[in-house]
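The values are calculated or read from the model by the stated rules, or taken from the named source; none is laboratory data. Everything numeric in this text was worked out from a predicted model, so none of it was measured. Virtual Cβ from ideal backbone geometry, glycine too; neighbours counted across all protein chains shown.
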Amino acid sequence: MPKFEKGQEQEAAKFRPRMMLARDLPSAANPAFVRTSVNRLWALLLGRGLVHPAHLDHPANPPSHPALFERLQQEFTARKFDTRHLLREIILSKTYQRSSRLPAGVKAADVPEDRFRVALPKPLSPEQLAWSLMVATGNQQRMLKGKVPEDEPFDAYNYINGKVERLPATVGETMELFSWMVGNPPGEDPDDYNPAMGHALFLMNERLVLDWLKPRDGSLVGHLVTVKKNPDTVQRLYLSVLARRPSEDETRAAVSFLDSHVTSRPTALADLAWSLLASAEFRLNH
């Protein structure tokens, strides 16, 4: 034991733990790092890991495709953990490029998710959902330029509980709110998709989302109210929100709805837009 005079202290070692971790973690001698990295990058792109759930990587939960998993690990190591290279290899694969549509004559029950025969629907993260809503409703630039009032700080917890009346004014405040309302609770896997009634109620009643659907300059509804013919209006709505044209049945139903709400057209357009924004087609990458 070293002895020190009164008032003396042993000098602390001069090193930065995070730098040491970053130096030592990516190593071929650390198979856990290689396995976890490959599996999570695969899951990020495909919606499911070769080992699933990703955090339960142990002998009793083997990978669905052991040979492929081993080959990807070897490639990742040989390329000195080049993440961009690994992502490129996965993206160029036929597996990644498959459609989510089932082949003719094939039932969903005959296609287990761990076979990757079709693309798996991938839910948007809370942050992705917030960005997508801002872009689709034409409010992205307004939120990017938003400023926080100095005398009205925003707190998502207090806002949710009615203690703060002010709407989120910036992208940062919006992300905080969506993380609270759509994200998983602390301690749970943030990548797990757990749809809940609260998510639907949030999109249905949240004042911020309803505010985005008001007819103002540059907004989606603000543009749609200027379109004269209802079929054209419906087509632009679908292209803006779902990036596709509506089917004949969808056009017929939407036009009929608008025709029956001539005196409240802006509200009807907002309702139609909301119905698409709250749909599974918008919520999931497919």
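Do you know which of the residues in the stretch 92-102 that are surrounded by 11 or more Cβ atoms within 10 Å (Cβ to Cβ), of a type outside the set (Phe, Trp, Tyr) and free of Cβ contacts under 8 Å to residues at least 60 places away in the same chain is nearest to ALA54 (Cα to Cα)? Step through it out loud before you land on a result.
We begin by selecting, within the stretch 92-102, every residue surrounded by 11 or more Cβ atoms within 10 Å (Cβ to Cβ); these are 93, 95-96, 98, 100, 102.
Those left that are additionally of a type outside the set (Phe, Trp, Tyr): 93, 95, 98, 100, 102.
Now narrow it down to the ones that are free of Cβ contacts under 8 Å to residues at least 60 places away in the same chain: 93, 95, 98, 102.
Values: SER93: 21, THR95: 19, ARG98: 22, LEU102: 25 Å.
Residue satisfying both the conditions and the ranking: THR95.
ALA67 satisfies every condition listed in (1) within 22 Å of ASN285 (Cα to Cα); (2) aliphatic (A, V, I, L, M); (3) not in a loop (DSSP other than H, G, I, E, B) except (1). Look at VAL118 and say whether it is part of a loop (DSSP other than H, G, I, E, B), within 16 Å of HIS286 (Cβ to Cβ) and at pLDDT below 95. In short, yes. Checked against (1) among the charged types (D, E, K, R); (2) loosely packed, with under 13 Cβ neighbours inside 10 Å; (3) farther than 21 Å from ASN139 by Cβ, ARG207 passes all but condition (3).
Tell me which helices (runs of 4 or more DSSP H) are completely within the stretch 133-204 and hold 3 or more residues being touching an Asp or Glu at 6+ places or on another chain (Cβ under 9 Å), or say none if there are none.
Working: elements: 140-144, 156-160, 171-182.
Because the criterion is at least 3 residues that are touching an Asp or Glu at 6+ places or on another chain (Cβ under 9 Å), the helices (runs of 4 or more DSSP H) in the stretch 133-204 that meet it are 171-182.
Considering only the stretch 78-97, I want to know if a residue exists there that is under 19 Å from the mean Cα position of the chain (by Cα) and under 30 Å from ASP217 (Cα atoms). Break it down stepwise before answering.
Going residue by residue through the stretch 78-97, those that are under 19 Å from the mean Cα position of the chain (by Cα) are 87, 91, 96.
Checking the rest, the ones that are also under 30 Å from ASP217 (Cα atoms) come to none.
Looking through the stretch 78-97, none of the residues is under 19 Å from the mean Cα position of the chain (by Cα) and under 30 Å from ASP217 (Cα atoms).
Set side by side, the residues TYR193, TYR238, TYR159 differ, and just one is surrounded by fewer than 18 Cβ atoms within 10 Å (Cβ to Cβ) and hydroxyl-bearing (Ser, Thr, Tyr), which is TYR193. Filtered by the rule that a residue be touching a residue at least 24 places away in the same chain (Cβ under 8 Å), within 14 Å of THR233 (Cβ to Cβ) and of a type in the set (A, V, I, L, M), the stretch 262-277 gives LEU269, ALA270, LEU272, ALA273, LEU276.
Note on the stretch 132-147: residues that are surrounded by fewer than 14 Cβ atoms within 10 Å (Cβ to Cβ) and of a type outside the set (D, E, K, R) amount to 2.
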